[in-house]
Amino acid sequence: MDISLERILQLSKLQKMKVLAGKQGLSNSVLWVNVLEMLDELDQLAEGELFVTTAVDLGTSPEAEETLVSRLVQKKISGLAIQTGVYVKEISQTLIRRCDHHGLPLIEIPEEMGFGEITRAITHEIIYQQNKRLESTQQIQEGMTKLLLEKKGITSIAEHLWELLDCPIKILDSQGYLIADYPVGVIEGFSIDEVGELRANASKRNSEGYFFWRGEIIYPLLVDSAYYGAIWIGESKKANSDQVIALASAATICLLELMKKQEVWEAEERIRGDFLDDLLEGSWAQQEDAFHRGRRLGFDLERPFVMLAIEDKREKWKLPSALERERKKYFHLWIRTLLNEKELQGLIRESQSHVIAFVSLPDEDCDVELVVSSFQTELSQRMASPISVGVSQVHHGISKLTGSLEEARSALLLGAKLNGEGKTYLYSSFGLYSLFVNSQTNSHLEQYFSETIKPLVEYDKKQKTEFIHTLEVYFSTNLELRETSRQLYIHRHTLSYRLKRIEEITGRSPFNYPDRLYLEVGLLLLPFITREPGTK
């Protein structure tokens with residue numbers, strides 16, 4: 001453990017030494033003692049040493065005193081001890097004030113005290129404390145190694161650290177999620193932005209491995225540049241040497257546990273993802289073979305299910321490839337974590353710009369909209385980003401899986417176009433819109449739009465009219481002229497004029513059933529042809 005200057009001065013053989021200035025620096029650590037007679041040998045001093053001298057050539061020059069103090073402060077020595085009575089009869093008040101100003105402890109050594117007596121006492125104490133540190137380090141490492149060999153897990157590491165440090169301990173994984181704490185309490189997880197802040201600070205840690213964040217000590221769990229998490233030490237303003245040793249030992253054990261768990265998790269997710277691929281491709285000899293394989297993976301294929309298409313399109317995540325891969329891993333991991341928390345079986349796989357999830361429902365009466373909306377909200381909070389989720393209809397039987405996936409993707413695409421990003425979209429809620437989503441790039445849709453609504457869109461844009469809006473309100477009121485006029489705040493004669501102009505521009509009459517049907521379908525195409533997602 002570190003030996004403070006204050007502790008050195010309490011030694012029985014050194015109690016005649018008197019502190020004249022710089023008492024605020026008595027907590028400085030003393031790493032060694034260095035005795036120099038001549039002040040022109042200051043280059044031999046090292047940081048943390050107690051400088052003992054007779055100051056034979058100090059003189060009474062204020063400039064010499066200021067130069068001496070400045071150089072000692074620059075070298076970060078723990079203190080200056082001057083023997084009086086031989087060369088310096090009395091330490092000047094100006095030197096005392098200068099040392100006090102810089103917080104440099106200034107100690108007076110009486111004439112009868114020999115330097116040998118001082119160096120022996122300090123060296124003996126330093127060696128004694130170093131031996132104690134070695135014993136303490138050995139005990140800490142043996143304790144941590146025992147936890148590893150007995151496979152006690154990360155929770156036991158948190159408890160053992162609490163016993164060693166007498167401070168609350170929290171151990172977080174790479175996504176800021178609490179995996180162990182002692183004493184057991186409640187801590188909110190961190191958003192991916194906050195995890196990024198933790199990671200950035202981890203790279204700036206001090207030589208002993210820790211840093212301060214939000215008023216607490218954080219010891220990051222790092223292997224090369226890979227960030228696996230952090231140990232959070234509460235109610236501690238400074239980490240002493242014993243704490244650093246304990247943290248370093250605990251970090252090694254935590255890293256081994258987390259790396260092992262991550263490898264297992266990634267292997268399991270690959271197997272589940274491959275199984276989902278096989279299901280979508282129909283790669284099974286008999287249906288019972290697929291059911292059996294699902295049961296081995298803890299997934300019941302005989303339950304009702306939905307497919308989810310999950311997407312995060314936040315623009316700021318245009319990152320270098322390494323960080324982008326890591327963000328996608330977080331995304332996948334949080335989807336898995338939230339499904340587990342909601343006790344939902346799920347198979348997950350990255351697909352194009354989104355993630356697909358095959359989710360088995362607990363029963364027929366499950367409120368899919370409520371469950372998925374809750375999942376979407378929590379995932380958005382964890383990722384600190386608007387997450388969109390397309391949801392298929394509820395299906396039975398794996399033969400419906402491919403169609404269910406198309407429904408989920410269609411719902412994601414339709415929902416973004418009609419309602420904007422960051423919501424839950426049920427395929428079953430889109431009605432006729434679902435007829436167009438998978439054909440929206442086909443030329444016949446463009447042609448249909450051109451022959452119905454496009455002339456009206458272009459006329460509105462050029463003449464600053466509102467014929468499209470008029471037509472939408474007219475159809476939404478079931479062709480009620482009076483109600484349409486009321487909602488548009490126009491006279492019925494004005495409405496009749498607008499409807500006639502619509503017929504002239506489009507060549508189709510809003511009053512004639514076949515023409516009206518063409519116009520209504522043309523309006524349904526508006527989100528796919530002309531509008532940006534989320535606009536009205």
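The values are calculated or read from the model by the stated rules, or taken from the named source; none is laboratory data. Please read these numbers as outputs of a predicted model, since none were measured by experiment. Reconstructed Cβ throughout: ideal geometry from the backbone, glycine too, with neighbour counts over all protein chains shown. Keep in mind that these areas ignore ligands, DNA and RNA; they rest on the heavy atoms of the full protein, side chains included. Shrake-Rupley method; radii C 1.70, N 1.55, O 1.52, S 1.80 Å.
For this structure, a couple of remarks:
- Of all the criteria given as (1) open to solvent by less than 80 Å² (accessible area, probe 1.4 Å); (2) in a helix (DSSP H, G or I); (3) closer than 19 Å to R508 by Cβ; (4) of a type outside the set (F, W, Y), the one not satisfied by T465 is (2).
- Every residue from region 338-371 that is among the aliphatic types (A, V, I, L, M) and either touching a helix residue (DSSP H, G or I) at 6+ places or on another chain (Cβ under 6 Å) or not in a loop (DSSP other than H, G, I, E, B) (or both): L338, L339, L347, I348, V355, I356, A357, V359, V368, L370, V371
- Note on region 88-106: residues that are open to solvent by less than 40 Å² (accessible area, probe 1.4 Å) and within 50 Å of the chain's Cα centre (by Cα) total 5.
- Criterion (at pLDDT 85 or above and among the aliphatic types (A, V, I, L, M)) met by exactly one of I218, I253: I218
- Some residue of region 489-501 being in a helix (DSSP H, G or I), open to solvent by 40 Å² or more (accessible area, probe 1.4 Å) and closer than 25 Å to L418 by Cα: no
- Counted as qualifying within region 215-312 are the strands (runs of 3 or more DSSP E) with 3 or more residues that are touching a residue at least 12 places away in the same chain (Cβ under 8 Å) and open to solvent by 20 Å² or more (accessible area, probe 1.4 Å), namely 216-223.
- Only one of T470, T506, T452, T477 that is at negative phi and in contact (Cβ under 8 Å) with a residue 60 or more places away in the chain: T452
- Identity of the residue in region 121-132, exposed (fewer than 15 other Cβ atoms within 10 Å of the Cβ) and touching a residue at least 24 places away in the same chain (Cβ under 8 Å), that ends up farthest from R71 (Cα to Cα): K132
- Residues of region 150-190 that are more than 23 Å from the chain's Cα centre (by Cα), open to solvent by 70 Å² or more (accessible area, probe 1.4 Å) and either at pLDDT below 75 or of a type in the set (D, E, K, R) (or both): E150, K151, K152, E163, D166.
- Members of region 313-328 found to be modelled with pLDDT of 70 or more and open to solvent by 60 Å² or more (accessible area, probe 1.4 Å), listed by number: K313, K328
- For L525, the requirement of being under 29 Å from L414 (Cβ atoms), out of contact with any strand residue (DSSP E or B) (no Cβ under 6 Å at 6 or more places or on another chain), crowded, with 17+ Cβ neighbours inside 10 Å and at pLDDT below 85 is met.
Yes/no per residue for (1) β-branched (V, I, T); (2) farther than 11 Å from P105 by Cβ; (3) within 43 Å of the chain's Cα centre (by Cα):
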{"position": "I8", "(1), (2), (3)": "yes, no, no"}
{"position": "Q24", "(1), (2), (3)": "no, no, yes"}
{"position": "N34", "(1), (2), (3)": "no, yes, no"}
{"position": "L68", "(1), (2), (3)": "no, yes, no"}
{"position": "R71", "(1), (2), (3)": "no, yes, no"}
{"position": "S78", "(1), (2), (3)": "no, no, yes"}
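- Being out of contact with any strand residue (DSSP E or B) (no Cβ under 7 Å at 6 or more places or on another chain) and modelled with pLDDT of 90 or more holds for only one residue in F449, F467, and it is F467.
- Strands (runs of 3 or more DSSP E) wholly inside region 1-83 that include at least 1 residues being touching a strand residue (DSSP E or B) at 6+ places or on another chain (Cβ under 8 Å) and open to solvent by 40 Å² or more (accessible area, probe 1.4 Å): 18-21, 32-35
- Residues of region 107-120 that turn out to be open to solvent by 50 Å² or more (accessible area, probe 1.4 Å) and touching a Gly at 6+ places or on another chain (Cβ under 9 Å), as a count: 2
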